[in-house]
Amino acid sequence: MVAHDPTAAPLSPTARFTENATAIKVGEGLWKSPVKFRSYRLDIIDPQQGVAAVHAVLDENGAPILFAGRLKIADRKITEIETLVAHSQADAMLFAPANLNTPSSEMAATPAAADRMPREQMVAIALRYPAGLRAGSFVTADAPFAPNAYRFENGVRMAGPGCTFQPPSCENMRTQRIPTLPDVKQRLLAVDEEKGIVLLYMDFGRGSLPGPDAANKALVTFEAFKIYGGVIHAAEAIFRSAPLGASAGWE
């Protein structure tokens, strides 16, 4: 993509590509922009599913953009490419790529062998998060969080120690006041068993964005959950707005 050369990628002849839920030809969209990687990049690898995913900050004409992507691999060929791109705060309610220089120590760390969990248990714990959003309470959904658990959204610390969203109430992620979002939908993207990361695609549905266009738009996100020792230690999201009720094209 950086070299603007789709032929250099090991693509399947039937490879499908979406950018912000729009199906386009590989080589179009961000592939045509003068982009390069900045220093922030978190890789999430799921060999069992044949999936490689990423959170990253890219440079486009000298300006930072937020990028998330998922590749599906079969027979050593890329068969699916799903990407989400946020160019500015106009695309997303929050936008602070300057805060993302390197992956956080929590996300980058490899949990001790004794703390690692079977993927089915990791996924079950991660799904308590969207269940909490639908209920309007992580306590009601019995979502387990570590005492110092935190949440980053587009580089903004919205929960956990040092949070910026209605402090001090946001410092405890489990008891933090959250909106009730009954229409939240999620899709499992990847489980990195070695790093202890579960990546979900979520569409938060109606009521998830403020402002004059709130009735017509929803927040969609690639959200990574650090899970080990039976609890969620961190949630880090790259998100943007999307038309309300729009399909991501991969359901």
Can you give me the relative contact order of the stretch 33-143 as a percent, contacts being Cα pairs under 8 Å and 6 or more apart?
17 percent
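How would the stretch 1-97 be classified by its alpha-carbon gyration tensor: rounded, prolate or oblate, with rounded meaning a/c under 1.5 and the a/b versus b/c comparison settling the rest?
Since a/c reaches 1.5 and a/b is larger than b/c, the shape of the stretch 1-97 is classed as prolate.
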Taking θ as phi - 60°, what are the ³J(HN,Hα) couplings along the stretch 57-64 by the Karplus curve (6.51, -1.76, 1.60), each to the nearest whole Hz, with x for Gly and Pro?
10, 9, 9, 10, 6, x, 10, x
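Taking a ≥ b ≥ c as the square roots of the eigenvalues of the Cα gyration tensor of the stretch 122-164, is the shape rounded (a/c under 1.5), prolate (a/b larger than b/c) or oblate?
Working: a/c = 1.83, a/b = 1.72, b/c = 1.07.
It is prolate, given that a/c is not under 1.5 and a/b is the larger ratio.
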Can you give me the Cα centroid spacing of the stretch 69-106 and the stretch 107-129 in angstrom?
21 Å
Starting from the Cα of residue 217, draw a straight line to each of the aspartates and glutamates and keep only those under 16 Å, dropping any in the same chain fewer than 8 residues away.
91, 183, 203
Quick one: what are the phi-derived ³J(HN,Hα) couplings along the stretch 142-153, Karplus 6.51/-1.76/1.60 with θ = phi - 60°, whole Hz, x for glycine and proline?
6, 7, x, 10, 5, x, 9, 4, 9, 9, 9, 10
Local net charge near residue 95, Cβ-Cβ under 10 Å (Lys/Arg +1, Asp/Glu -1)
-1
Proxy exposure order for 193, 153 (fewest C-beta within 10 Å first) is 193, 153
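May I ask for the net charge around residue 202, where only other residues with Cβ less than 9 Å from the Cβ of residue 202 are counted and Lys, Arg are +1 while Asp, Glu are -1? Don't skip to the end; give the middle numbers.
Details: positive: 185, 187; negative: 203, 223.
Result for the neighbourhood of residue 202: 0.
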Length-normalised contact order of the chain in % [C-alpha pairs under 8 Å, at least 6 apart]
18 percent
[x] 18.5, 59; [y] 17.1, 50; [z] 17.5, 53: which one is Rg and Dmax of the Cα atoms in Å as calculated from this entry?
[z]
Can you work out ³J(HN,Hα) from phi for every residue in the stretch 186-191, in order, using Karplus 6.51 cos²θ - 1.76 cosθ + 1.60 and θ = phi - 60°, giving whole Hz and x for Gly and Pro?
9, 9, 6, 9, 7, 10
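How high is the relative contact order of the stretch 6-89? Use alpha-carbon pairs under 8 Å, at least six apart in sequence, and give a whole percent. All intermediate terms of the calculation are to be shown ahead of the outcome.
Numbers: 155 pairs, mean separation 25.7, N = 84.
Reported relative contact order: 31 percent.
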For the stretch 111-251: Kirkwood Rh in Å [reciprocal of mean 1/r, alpha carbons]
15.3 Å
Report the net charge of residues surrounding residue 174, where surrounding means a beta-carbon distance below 13 angstrom and charges are Lys +1, Arg +1, Asp -1, Glu -1.
+1
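Any read-out appearing in this document is the output of simple, stated calculations on the displayed coordinates, not a laboratory observation. Note that the structure is predicted; figures quoted are calculated from it, not measured. In this analysis, Cβ positions are derived from the backbone assuming ideal geometry, glycine residues included, and neighbour counts consider all displayed protein chains.
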